[in-house]
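Nothing in this text is a laboratory measurement; each read-out follows from the coordinates by a stated rule. Since we're looking at a predicted model, the values are computed, not measured. Here Cβ is always computed from backbone atoms with ideal geometry, including for glycine, and neighbour counts include all displayed protein chains.
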Amino acid sequence: MAVTPEIRKLNKRNTYLYIYKHKECSKQELASSVGQSLPTVNQNVNELQDEGFVRIAGLYESTGGRKPMVLQCTPDARVAAGVQILSGQVTAVLLDLYGTVLSCEILREPYKNEDAYFQKIGKFIADFINAGGYSDDKLLGITLATQGVADYAHKKLVYGRILDNKGLSADRLSACIGRPCILMHDSETAAFAESFHRPDLRDSSYIFLNDYLGSASIINGSLYRGNHGRGQLLEHVKLVQGGRKCYCGQYGCAESYCGAYGLHKMSGLPTDAFFRLLRTRDERTLKIWDEYLDYLALLLHNVLMTMDVDIILGGLLRKYMLPEDLQIITEKIRSQTDFDISDRTITLEYITDYPAARGAALYLVQHFLDNFEI
């Protein structure tokens, strides 16, 4: 029976994804693992080599006959660019297909919703990508992660009070960069970086403890975006009735209590200075930290009562947190519920360097893998 083009593509896809997942293998292992004949495996491997996706990385030890070839995916057969735009800086990273950072550059520039600003960062991004030396046919794309909620198609920001960037379009930025790009919320991309590098991650809620609080959820291994692309906005859950004013215009939002700015408002100290004092067991900072953890535990309790998930804490405050802080948070949550939460984990994020920018690029890498030969 003749093999249809669809079956050929499926065989080739399975061959590539097996090599990608296992990092390296032999043709004989491929044939037995993906259920293909050796001639079919040879054909697929030869095509993948010609296209630059697979390479020969040496020879295994002989088991009696010819030494089998070591097959590997070519990590930089495709690359992706991720960019995080904040109020005072732009961070750009270039990643290979395994999420390894090939290059990174930071531009210190105050955000302005003006053409001159977008032209400047557009040139910065274009120059950064060009310096990588990869041709456009190897570039999977560019994702811009920022403090604003994007529509479902990643084409336009539908909410953006922090940077006053509501309505900013990917087309406007693409024109300045000279290449197509998409837009995403930086909390979502940071969460996606965790999901990509932790394939065994259970359903989780990611809490971005940056200057401004952010959040996102990973459900069934995928980024949860909801019905309208908003996904999860825990930062605007009401924690204190009639409490501090939030940038959204409402009062008592978690944003005003659980972000790094919230901690700063409570202490009056820069983050570094606060934690230096805290770790000396300074009485005042210990009291403030305990109050902060009360608010954070209340937010996490509400999450756990709403969703049966694990918790990941990331962002700016993550690097200052110790295992004892996680234990205190857990105990504070336990004191608020009659339900057993012993099997719900509260952990610190795995990706600590440029998580939002890296996740922005990884979103494109995952799309490539999901659609390879489809």
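Charged side chains reduced to their Cβ positions (Lys and Arg at +1, Asp and Glu at -1) give the chain a dipole of some 420 debye around its Cα centre. Here the peptides 85-94, 99-108 are ranked by packing, the mean other Cβ count within 10 Å, and the order with the highest first is 85-94, 99-108. Charges were assigned to the Cβ only: +1 to each Lys and Arg, -1 to each Asp and Glu. The resulting dipole of the range 67-205 about its Cα centre is roughly 60 debye. Once the Cβ-Cβ distance of A116 and N42 is raised to the sixth power relative to R0 = 45 Å, the FRET efficiency obtained is 0.20. Taking the Cβ-Cβ separation of D370 and E324 as r and a Förster radius of 30 Å, what is the calculated FRET efficiency to the nearest 0.05? Calculated value: 0.15. Rounded to whole Å, give me the distance from the Cα center of the range 311-374 to that of the range 1-46. Cα centres, the range 311-374 to the range 1-46: 35 Å. Residues of the range 302-319 with an amide N closer than 20 Å to a point placed 7 Å from the Cα of R334 along the Cα-to-Cβ direction: 302-306, 308-313.
With both residues required to sit in the chain, DSSP beta bridges show an antiparallel share near 65%. In straight-distance terms, cross-link reach from K12 covers every one of the lysines whose alpha-carbon lies under 25 Å from its own, apart from those fewer than eight places away in the same chain; here that gives K21, K23, K27, K67, K138. Coupling constants for the range 142-158 follow from the phi torsions by the Karplus curve (6.51 cos²θ - 1.76 cosθ + 1.60, θ = phi - 60°), and in residue order they are 9, 10, 9, 9, 8, 7, x, 8, 8, 5, 4, 8, 6, 9, 7, 7, 9 Hz; glycine and proline get x.
Taken as Cα centroids, the range 100-155 and the range 54-93 sit 23 Å apart, rounded to the nearest whole angstrom. Taking every full run of DSSP H in the chain, the ones that stretch at least 27 Å from end to end by Cα along their long axis and average -0.5 or higher on the Kyte-Doolittle scale are 283-306.
Using R0 = 22 Å, the C-beta based FRET efficiency linking Q250 and Y152 works out to 0.35.
In terms of the mean number of neighbouring beta-carbon atoms within 10 Å, the peptides 270-281, 186-197 order highest first as 186-197, 270-281. Calculated [222 nm] ellipticity per residue, helices only, for the chain: -12500 deg cm²/dmol; basis is -39500 (n - 2.57) per DSSP H run with n ≥ 4, divided by all residues, nearest 500.
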